[in-house]
Amino acid sequence: MFAPILSARSMLLAIFMLMAGGGFVSTLVSLRLENAGSRASTIGLIATAYFAGLTIGSLRVTPIIQRVGHIRTFAAAVSLLSASTLTYALHQNAALWAVLRLIDGLCVASVFVCLESWLNARAEARSRGTILAAYMIALYAGQAAGQFLLNLDAYPSLPFIASSLLISLSVLPIALTRLEGPPLSEQAPLSARDLYAASPLGIAGVGITGLMLGAFYALGAVYARRLGVPLAATALFMSVVIAGGVALQWPIGWLSDRIDRRRVIVGTLAGAAAICAGLALIDSGGPLLMLLGAVFGGFAFALYPLCVAHTNDHLSAEQRVGASGGLVLVYSVGAAIGPMAGAGAMMVAGPGGLFVYIGVCAVAALGFALWRQIQRKPVPEELQQPYQLMPRTTPMVAALDPLTPED
């Protein structure tokens, strides 16, 4: 069981360190802009720049890797990301920070493509699920742990310095590895039209999930601070949302393998909408905020892999890599739009407007899911594909799905 993980330990350590160092920067940037009196729309626009960079980078980095190799591309992306992170500490300006967030997105996408293609090359058919699970744990554990670096506020530049240090150190496990970088071939994602024809609920679900989570990642910390939550508790809030998102994926996925998956998607969307109502109405911090945040993360994070699995139920094995790649891109587009829409809601309705917006997205998806249940018969339970935990990173991660054909 542990042999596949040990064979990929350098890559797993690298992604943990990178996410611990860089995963909280979006929260930090939002909080600094909030403290400076920036409008929610400005914060949302800067967050949009990051998701735009992430989308562009995932599509454009493959030729660079093919030309110079995985290790050089990884090292270059990490070096640029580290330099970009230090630049935040030099001067606080919204236009400059928007450019830096775009660069961050390009760099993080390059890192994801490097590591995910490398992990896929290391994984045998029987070990893909184990390596994918380990990769998800390393990624989200780093992201959750990194939120606590927000507490390094003795000096304004200290969190950025700590972030840059961890990001820079993440290159060591890769630079010192004896493993050869694998050959890399591009995976063409299915078009949105083909995806909708195969599974209307699948593509609509991942797009709306992007609208929801893009807004949360950009503005969740701003929401907490505007409720009067202290900085340390804000870091904890962001961390418990991520932890809840990981913890509830397995039981929700287990259930979706045993009944009509659309019913689980409906239940998850209904749960997300109900929790959003609670978060929109709450007016202070405390244990209730943390509890609601953890449950919100559990429902919201489960939606993406549920919709991917539902799409796979309607596809042949040969189509799944292209479909999963296309779904990641649809999610990314939604995540780029979400921060601006969430910011607009906060400007109209105050801090709770963020979760009013996210709840409206969930209700809209819920209505569409109920309509699709009427329009299409369910996939027989014995023909449903197994639910698989899937990170929302780049199209390259689709090849790690254990259901993907070996070729």
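How much FRET efficiency would the formula 1/(1 + (r/R0)^6) give for L291 and A349, where r is the Cβ-Cβ distance and R0 is 30 Å, rounded to 0.05?
Efficiency for this residue pair is about 0.85.
Using the Karplus curve 6.51 cos²θ - 1.76 cosθ + 1.60 with θ = phi - 60°, work out ³J(HN,Hα) for each residue of the range 70-86 in order, rounded to whole Hz, and write x for Gly and Pro.
After applying 6.51 cos²θ - 1.76 cosθ + 1.60, I find 5, 5, 5, 5, 4, 4, 5, 5, 5, 4, 5, 5, 5, 5, 4, 5, 5 Hz.
Please compute the net charge surrounding A349, taking Lys and Arg as +1 and Asp and Glu as -1 over other residues with Cβ under 14 Å from its Cβ. Please report the intermediate quantities before stating the final value.
On the way: positive: R226; negative: D283.
Net of charged neighbours comes to 0.
Defining a contact as two alpha carbons under 8 Å apart and six or more residues distant in sequence, what relative contact order in percent does the range 147-301 show? All intermediate terms of the calculation are to be shown ahead of the outcome.
On the way: 110 pairs, mean separation 43.7, N = 155.
Here the relative contact order equals 28 percent.
Among residues other than A235 whose Cβ falls under 12 Å from its Cβ, what is the net charge (Lys/Arg +1, Asp/Glu -1)? Walk me through the intermediate numbers first.
Details: positive: R225; negative: D153.
The answer is 0.
In the neighborhood of F368, defined by Cβ-to-Cβ distances under 13 Å, what is the net charge if each Lys or Arg adds +1 and each Asp or Glu adds -1?
With Lys, Arg at +1 and Asp, Glu at -1, the neighbours total +3.
Once you order the gyration tensor axes a ≥ b ≥ c over the Cα atoms, which shape class does the range 30-156 get: rounded for a/c under 1.5, otherwise prolate or oblate by comparing a/b with b/c?
Prolate, because a/c is 1.5 or more and a/b exceeds b/c.
Readers should treat all values here as calculations from the given coordinates under stated rules, not as data from a laboratory. Quantities reported herein were computed from a predicted structural model and do not represent experimental measurements. All Cβ positions, glycine included, derive from the backbone under ideal geometry; neighbour counts span all protein chains shown.
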